[in-house]
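Worksheet: one structure, shown below.
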């Protein structure tokens, strides 16, 4: 109770004292209509119940007038309450009463409130009454400490039993010599069914165990799956490592093969060029339908001052396929039989290399010679005599001329199948063996490399 206050000083402490003198049943009926003052609200009893209890309250109060400090019984008990406790409440509680002046009923009530073990007076807030043998005990005499005593709920106090009623137990503070036909039912001090609690805990543990078993099964499956993935990843890593090693080896082999190919191409080109060491090539000569290539070769070489006989020529021919419009029928040069813009060159193979070198040397001395006075049809045209080059060297020579022209180099020529360049007169010459030499000689700024071309 937060506070129970009556007009004549009945507060919480008075109520505690009255419960010692008056049976609880009558005391609860007496104060059933009281207002319970809480910190935040006031709960009032119904009016009908208040009227009903007024008469009972007056009668009970008259019979217990000595408990209220000698207040006359004729004074009615008014049910008017205030929020503050009565100032005279401690006066009523501190007064000493003469037990002999009380009735037999009150004396029996006081006798019941003595501890059955220590025979001392028991405060209402410290007492325990056994439900089995109906004895009163201090909670300390009952073998409980303050913590265990406070754990007993008010509704469970009437069910409390002493150790003797529960069963004879060695070391218990109270031993009553009486025959116990059946062991008392063991229960907790707060009257909880321990068996039901244990069953509930077992069910919870069984459910938890089942959940853990499911988790273990899933964890085992997950572990197996992870192990499988780990094996697969290891296999993939080994394959990747194998492929990487193979790729590295293939890259090294490819580089070696590329070097070998370049070397073989160079060797093959040198061999091809050696087969052409006695050959010359005459370009710019008009092509006729019925022409004698050998006779034309003799006329052209005589034009540059070198006379050769038919015996000096091993073979001669127009190199390459026939070009459309490249033939002429006469010397008129009209639309019907004019000279072709690009006639096929004449390839000549001589019997001696010295004769070839002499013809090429004289042609360079007489650079700018034409077909005039050679007895060839058409207007005079410039012709050129050079060493005959292999297919690779011919492509490289043409490209070298283009690059040299862009960089302002003045001299590009061939000698014994080798391609040579010189920036200007008096400077050193450089040999060009491949496109890589173009980069090293002329620089990479204006050089665009490309693959081999067919002529």
Need one word for region 262-331: rounded, prolate or oblate. Basis is the Cα gyration tensor (sqrt eigenvalues a ≥ b ≥ c); a/c below 1.5 gives rounded, then a/b vs b/c decides.
oblate
By the mean-Cβ-within-10 Å protection proxy, highest first, 212-224, 382-394, 342-354 rank as 382-394, 342-354, 212-224
Sorted by mean Cβ packing within 10 Å, highest first, what order do the peptides 268-276, 280-288 take?
280-288, 268-276
Check: C-alpha center region 250-267 vs C-alpha center region 355-430, spacing in Å is 32
So how do 298-306, 404-412 stack up, highest first, on mean other-Cβ count within 10 Å?
298-306, 404-412
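Rule-based calculations on the coordinates, nothing more; no lab input. No experiment lies behind these values; they were computed from the predicted model shown. Counting neighbours? That spans all protein chains shown, and the Cβs are built from the backbone with ideal geometry, glycine included.
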